[in-house]
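The values are calculated or read from the model by the stated rules, or taken from the named source; none is laboratory data. Every value quoted in this text rests on a predicted model; they were computed, and no experiment measured them. All Cβ positions, even for glycine, are placed from backbone atoms using ideal geometry, and neighbour counts span all protein chains on display.
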Amino acid sequence: MKVLVPVKRVIDYNVKAKVKSDGSGVDLANVKMSMNPFDEIAVEEAIRLKEAGVAEEVVAVSIGVKQAQETLRTALAMGADRAILVVAADDVHDDIEPLAVAKILKAVIDEEQPKLVLAGKQAIDNDMNATGQMLAALLGWGQATFASELKIDGDAATVTREVDGGLQTIKVGLPAIVTADLRLNEPRYASLPNIMKAKKKPLDEKTAEDYGVDVAPRLEVVKTTEPPVRQAGIKVESVDELVSKLKEKGVV
Amino acid sequence: MAVLLLAEVNSGELALDATAKAVSAAKDLGDVTVLCAGASAAAAGDEAAKIDGVAKVLVAEGDSLGHRLAEATADLIVSLAGDYSHIAAPATTDAKNIMPRVAALLDVMVISDVSGVVDADTFERPVYAGNAIQTVKSKDEKKVLTIRTSTFDAAGTGGSASVETIDAPAASGLSEWVEDKVAESDRPELTSAGIVVSGGRGVGSEDDFALIEKLADKLGAAVGASRAAVDSGYAPNDWQVGQTGKVVAPELYVAVGISGAIQHLAGMKDSKIIVAINKDEEAPIFQVADYGLVADLFTAVPELIEKL
């Protein structure tokens, strides 16, 4: 079974995003970029499927700027077998929308014919939580989003999903899209020898035009602003003072 | 202009708070038709008809719509889409699963987690874990959106919209339900609770999280957790408050042992009153707290439970 894992290059999880003063967006110049954390979980799960003998090949795909090849090298160092980079933007500030990403992924999938696509549930930059679901729609495949557990059993995947109020388990026929939530696994760190080896693994480079996909955004970003700042209140000295303040406010 | 709004229906029951908040956000966009879909949805439809500002309710009942599987529910919405300029839903995990699928089938972008409606084409939404608010203008003919309910007040009840029954679609055959593990709890639901007590990494262990639950029970509150606490295995994921978890805006939010990472703040900073208990006086949570108590939670929380 072939597993395809889309990965996105985003601002590093530990870096605080700074809004540009002219309201044109978040400043990404000279900012540390990394693999989207949910995508790292998806890569890890795919590699575990390979280690368990369920998957034969893991293909990582990234769509965005040319520098996303660093992100793909990370996926290769973790254990993916090969990578495909689809260059769709020149400027790191141009985010490719989930709909366009899904269309490009669909074209890649038509060629690659994987039986399973493992994606992160959400990118931590645009926070859309949409690519996996949109891709499933375009392919006419079943979808199992927000996965915290995945079992492959012949031609079906049994997936436990993180939903409001608890967990839901569903079965999707393969091929299918599964999107990873936080508790699916803990991704490994790539070892130095594997980082070296990853440099020799195949990485194909394509463009959005190769797949005939128009990546023009449907949503025009009118402006980007800082969220309203909440004013800090006071420090109370004791539990007694806290209780009396809350009683004054009538909330307890 | 007209809005089709997918109501949140769980096991035949309407989630009134989430649905009524989404109605508030949607009613300026046009006449609101609420869709109640499920294996059983008639009772939910009758309840939705009472929400102020609802023009009409559609009820679709069928086995294919049970358990909110995305494929059949999305097919149903797409079959109805022709009559509407906007298709909306409260941003629950169900809607986040279903609505992007609907949008792709209609060849439009989804607009997720809308926190403000500027006009019929223009919406505000938080990005970068709440570090920025983006205003986006959609060029698509139809708008598909999910609504961050914590920023809208619930529409009142007292209306009496007409209820129409429609056919359920065939099962997709792509996915099937196996089981639900819903945490049985007498506590209020996290996103609609008046008081929320949350614990963070500072709580230190799954066992010690019982202290957070005890304080919550004393206050009749829902229990929340930071992503760090969920990550460390102290609390289940459905308690997670933050940009990647649930967004809450209760009357009172008590953050215990939570440092206040931006991704957590994004999920609770619209709370009316915020209390923070943390032994680190430099913790960023104090910058948003109305009342901060610098103290060891293991002495302060038991004392608080006793004195409330």
Of the criteria (1) among the basic types (Lys, Arg); (2) closer than 24 Å to B:Glu141 by Cβ; (3) under 18 Å from the mean Cα position of the chain (by Cα), which one B:Lys21 fails:
(2)
Mind counting the residues in region B:31-53 that are part of a helix (DSSP H, G or I) and either crowded, with 24+ Cβ neighbours inside 10 Å or of a type in the set (D, E, K, R) (or both)?
5
Search result, residues across region A:1-52 that are of a type in the set (Lys, Arg) and assigned to a strand (DSSP E or B)
A:Lys2, A:Arg9
What number of residues within region A:204-252 are at the interface with chain B (Cβ under 7 Å from one of its Cβ atoms), in a loop (DSSP other than H, G, I, E, B) and either of a type in the set (S, T, N, Q) or closer than 30 Å to A:Ile109 by Cα (or both)?
1
Determine which single condition B:Ser64 fails, assuming it passes every other condition in (1) within 28 Å of B:Asp119 (Cβ to Cβ); (2) part of a helix (DSSP H, G or I); (3) more than 22 Å from the chain's Cα centre (by Cα).
(1)
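Okay, residues lined up against (1) touching a residue at least 60 places away in the same chain (Cβ under 8 Å); (2) in contact with a His (Cβ under 7 Å, 6 or more places away or on another chain); (3) not assigned by TED's automatic domain parsing to the domain that holds B:Gly116:
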residue: B:Val144; (1), (2), (3): no, no, no
residue: B:Leu174; (1), (2), (3): yes, no, yes
residue: B:Glu184; (1), (2), (3): no, no, yes
residue: B:Val230; (1), (2), (3): no, no, yes
In region B:192-207, what residues are surrounded by 16 or more Cβ atoms within 10 Å (Cβ to Cβ) and over 20 Å from B:Ala261 (Cβ atoms)?
B:Ser192, B:Ala193, B:Ile195
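Can you find, within region B:220-242, the residue that is surrounded by the fewest Cβ atoms within 10 Å (Cβ to Cβ) among those that are of a type in the set (S, T, N, Q) and within 21 Å of A:Gly165 (Cβ to Cβ)?
B:Asn237
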A:Lys201 passes all but one of (1) in a helix (DSSP H, G or I); (2) modelled with pLDDT of 95 or more; which number fails?
(1)
Filter result (of a type outside the set (A, V, I, L, M, F, W, C), in contact with a helix residue (DSSP H, G or I) (Cβ under 8 Å, 6 or more places away or on another chain) and either within 14 Å of chain A (Cβ to nearest Cβ) or closer than 21 Å to B:Asp28 by Cα (or both)) within region B:157-181
B:Thr157, B:Ser172, B:Ser175, B:Asp180
Looking at this structure, is A:Thr145 hydroxyl-bearing (Ser, Thr, Tyr), buried (at least 23 other Cβ atoms within 10 Å of the Cβ), closer than 14 Å to A:Phe38 by Cα and in contact (Cβ under 8 Å) with a residue 40 or more places away in the chain?
no
When only residues in region B:255-286 that are of a type in the set (A, V, I, L, M) and touching a residue at least 40 places away in the same chain (Cβ under 8 Å) count, which is farthest from A:Glu248 (Cα to Cα)?
B:Ile262
Leading residue by the ranking (surrounded by the fewest Cβ atoms within 10 Å (Cβ to Cβ)) among those in region B:243-259 that are away from every other protein chain (no Cβ under 11 Å) and part of a loop (DSSP other than H, G, I, E, B)
B:Ser259
Quick one: which residue in A:Ala137, A:Ala157, A:Ala180 is of a type in the set (A, V, I, L, M, F, W, C), surrounded by 21 or more Cβ atoms within 10 Å (Cβ to Cβ) and within 7 Å of another protein chain (Cβ to nearest Cβ)?
A:Ala137
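Yes/no per residue for (1) at pLDDT below 95; (2) hydroxyl-bearing (Ser, Thr, Tyr); (3) more than 18 Å from the chain's Cα centre (by Cα); (4) not assigned by TED's automatic domain parsing to the domain that holds B:Val254:
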site: B:Val197; (1), (2), (3), (4): no, no, no, no
site: B:Val203; (1), (2), (3), (4): no, no, yes, no
site: B:Asp208; (1), (2), (3), (4): no, no, yes, no
site: B:Glu213; (1), (2), (3), (4): no, no, yes, no
site: B:Lys218; (1), (2), (3), (4): no, no, yes, no
site: B:Asn237; (1), (2), (3), (4): yes, no, no, no
If we ask which residues in region B:284-308 are surrounded by fewer than 21 Cβ atoms within 10 Å (Cβ to Cβ), of a type in the set (A, V, I, L, M, F, W, C) and farther than 12 Å from A:Ser238 by Cα, their number turns out to be 3
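To keep it simple, each residue is scored yes or no on (1) acidic (Asp, Glu); (2) in the same structural domain as B:Val117 (by TED's automatic domain parsing); (3) farther than 17 Å from B:Ala91 by Cα; (4) modelled with pLDDT of 95 or more.
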site	(1), (2), (3), (4)
B:Leu6	no, yes, no, yes
B:Asn10	no, yes, no, no
B:Ala20	no, yes, no, yes
B:Ser24	no, yes, no, yes
B:Thr33	no, yes, yes, yes
B:Gly38	no, yes, yes, yes
B:Ala42	no, yes, yes, yes
B:Glu47	yes, yes, yes, yes
Of the conditions (1) crowded, with 18+ Cβ neighbours inside 10 Å; (2) part of a loop (DSSP other than H, G, I, E, B); (3) more than 18 Å from the chain's Cα centre (by Cα), B:Ile133 satisfies every one except a single condition; which number is it?
(2)
For region B:5-30, how many residues are surrounded by fewer than 17 Cβ atoms within 10 Å (Cβ to Cβ), in a strand (DSSP E or B) and in contact with a strand residue (DSSP E or B) (Cβ under 8 Å, 6 or more places away or on another chain)?
0
